[in-house]
Amino acid sequence: MTLRILNKDFQHPADGWYQIEATGNHPNRAAGVVQVIDTDATQAIVNRFNAEAAAGKLRHGNEMLIDHEHFNDQPDQETRAYGWLQELQNREDGIYGRVRWTTTGKAAVDGGDYRFFSTEYEPADLQVLNPDKPRRVRPLALAGLTLTNMNNNRGQKPITNRAAIMQNKSIVIPAKPLPADRQCPDCRVMLEGDEDDGSGVMVCPECQTHFAGPGGSAGSKQTTKTKNRHMKTVCTLLGLSAEADEQSVHAAVSKLLNRTAELEPLAAENATLKNRIAEVDANAVDSILASHGVKEPKVLNRLKPVLLALPTQAERTAALADFGFKPVDAGKPAGTKVLNRGTGTLPETETADSTDEKAIARKITNRATELRSKGITWDNAWRQAQREVAAK
């Protein structure tokens with residue numbers, strides 16, 4: 001009997017081992033290299049990982065954190081664990097891993113939100129195989145593992161597709177007699193009616209054993225049930241019950257579209273407010289520094305990022321006190337009155353170098369304020385502004 005076997009969506013491999021890297025040559029345009037995943041690479045990666053895991057020398061002890069979209073390498077992103085990689089196994093077609101899923105990770109892969117792994121390798125663990133470009137490198141140690149749907153290294157089996165199942169391939173598989181109790185004798189899973197693929201053969205959803213089913217034309221029913229399962233997932237994502245009708249789904253989608261239309265203008269307003277707050281914050285810090293008699297550009301450059309990170313003037317005043325700066329006495333002028341008459345030359349107490357330093361400090365402040373309006377933190381904005389001004 002000729003039977004076309006279709007993938008069962010979102011099912012984990014029966015043996016509990018997931019392919020995390022496929023053998024082959026994998027170009028990485030961003031890194032400018034071709035990764036050679038051959039027998040030497042897979043053996044080195046597996047051996048080193050298992051040895052470090054057994055000795056508790058991984059970053060998190062005996063397991064490696066599995067995050068999503070490489071967020072673990074981004075300081076401004078969360079580091080929630082989607083799973084923990086416990087052990088690696090070297091197979092002919094690549095590297096396989098045994099994973100302990102967290103609640104978050106299990107929901108993500110069970111629901112099909114994430115279907116692939118993406119590996120990470122440190123430059124120090126890459127063996128360069130040729131001096132010319134493109135460089136061919138052989139990874140020797142796994143530095144990280146993440147969930148993604150846009151994996152660079154192709155050929156990897158999906159997380160929730162059974163490796164033994166072939167899609168859209170015609171093969172001949174002998175069917176066993178259907179047990180009277182409809183329980184698969186190989187894995188003890190109950191065989192339901194909708195497992196009939198329309199050819200009169202029933203397929204065990206767990207071990208893929210074929211049984212001579214009750215017959216009948218069930219192809220259209222299988223298609224309908226698959227569509228229904230997909231729609232139930234959509235309904236759940238929309239916050240509706242799995243059995244919600246089409247009208248309710250349309251209403252929920254329209255609500256989301258309307259909400260998006262409402263939020264779009266707020267994005268520009270939010271950016272404007274951020275810019276205004278940044279300007280007010282910068283002026284407040286300049287004011288408090290002046291009131292404490294802080295004038296030296298080098299000292300200003302060091303203190304401003306610290307004070308800008310504090311939310312209130314009271315906290316800024318306290319910080320200045322910790323640094324040894326006190327407010328200028330009320331009876332003593334904080335500066336010299338500006339008289340706009342004379343030759344325009346600099347006083348002897350102020351040199352051209354000090355004026356240049358003030359100009360540089362203003363440029364850094366202005367540039368940092370500009371960068372902060374783009375959502376960069378003050379510390380990072382200040383450091384970037386210093387680098388840019390110094391490079392000019």
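The values are calculated or read from the model by the stated rules, or taken from the named source; none is laboratory data. All values derive from a computational prediction rather than experimental measurement. Heads up, the Cβs are rebuilt from the backbone with ideal geometry, glycines too, and the neighbour counts pull from every protein chain shown.
Quick one: ALA31 ticks every box in (1) surrounded by 15 or more Cβ atoms within 10 Å (Cβ to Cβ); (2) at pLDDT 90 or above; (3) out of contact with any Phe, Trp or Tyr (no Cβ under 6 Å at 6 or more places or on another chain) except a single one, so which number is it?
Evaluating ALA31 over (1) surrounded by 15 or more Cβ atoms within 10 Å (Cβ to Cβ); (2) at pLDDT 90 or above; (3) out of contact with any Phe, Trp or Tyr (no Cβ under 6 Å at 6 or more places or on another chain) leaves (2) as the failure.
What residue, of THR119, THR103, THR79, is polar (S, T, N, Q) and under 17 Å from GLN19 (Cβ atoms)?
Testing whether each residue is polar (S, T, N, Q) and under 17 Å from GLN19 (Cβ atoms) leaves just THR119.
What number of residues within region 107-134 are under 17 Å from the mean Cα position of the chain (by Cα), assigned to a helix (DSSP H, G or I) and surrounded by 15 or more Cβ atoms within 10 Å (Cβ to Cβ)?
Qualifying residue count, region 107-134: 2.
If I go through region 1-27 residue by residue, how many of them are surrounded by 14 or more Cβ atoms within 10 Å (Cβ to Cβ), modelled with pLDDT of 65 or more and either of a type outside the set (S, T, N, Q) or closer than 17 Å to ILE95 by Cβ (or both)?
Final tally of qualifying residues: 13.
Of everything in region 55-86, what is modelled with pLDDT of 90 or more and exposed (fewer than 15 other Cβ atoms within 10 Å of the Cβ)? Give them in sequence order.
Selection gives ALA55, GLY56, LYS57, GLY61, ASN62.
For HIS12, only one of the following conditions fails: (1) closer than 22 Å to ALA124 by Cβ; (2) within 23 Å of the chain's Cα centre (by Cα); (3) not β-branched (Val, Ile, Thr). What is its number?
Unmet for HIS12, out of (1) closer than 22 Å to ALA124 by Cβ; (2) within 23 Å of the chain's Cα centre (by Cα); (3) not β-branched (Val, Ile, Thr): (1).
For the list (1) within 33 Å of the chain's Cα centre (by Cα); (2) outside any helix (DSSP H, G or I), I need the number of the one condition that ALA282 fails.
Here ALA282 clears every test but (2).
Does ALA143 satisfy the criteria of being exposed (fewer than 14 other Cβ atoms within 10 Å of the Cβ) and within 18 Å of the chain's Cα centre (by Cα)?
no
Could you check how many residues of region 84-96 are within 20 Å of the chain's Cα centre (by Cα) and touching a residue at least 40 places away in the same chain (Cβ under 8 Å)? Working first, answer last.
So in region 84-96, the residues within 20 Å of the chain's Cα centre (by Cα) come out as 84-85.
Those still in the list that are touching a residue at least 40 places away in the same chain (Cβ under 8 Å) too: 85.
So the count comes out to 1.
So THR104 fits all but one of (1) at pLDDT 90 or above; (2) assigned to a loop (DSSP other than H, G, I, E, B); (3) surrounded by fewer than 18 Cβ atoms within 10 Å (Cβ to Cβ); what number is the exception?
Of the numbered conditions (1) at pLDDT 90 or above; (2) assigned to a loop (DSSP other than H, G, I, E, B); (3) surrounded by fewer than 18 Cβ atoms within 10 Å (Cβ to Cβ), the odd one out for THR104 is (2).
Within region 302-321, how many residues turn out to be polar (S, T, N, Q) and within 23 Å of LYS274 (Cβ to Cβ)? Steps first, answer last, please.
So the first thing to find is which residues in region 302-321 are polar (S, T, N, Q), and the list is 312-313, 317.
Those still in the list that are within 23 Å of LYS274 (Cβ to Cβ) too: 312-313.
Going through region 302-321 one residue at a time, the tally reaches 2.
Filter region 139-160 down to residues that are at pLDDT 90 or above and not small (Gly, Ala, Ser) and give me whichever is farthest from ALA31 (Cα to Cα).
LEU147
Looking at region 118-132, I want the residues that are within 26 Å of PRO158 (Cα to Cα) and have a partner that is assigned to a loop (DSSP other than H, G, I, E, B) and of a type in the set (S, T, N, Q) with Cβ atoms under 7 Å, at least 6 apart or on another chain. Which pairs are those?
From residues that are within 26 Å of PRO158 (Cα to Cα), the pairs are SER118/ASN151; SER118/ASN152; THR119/ASN153.
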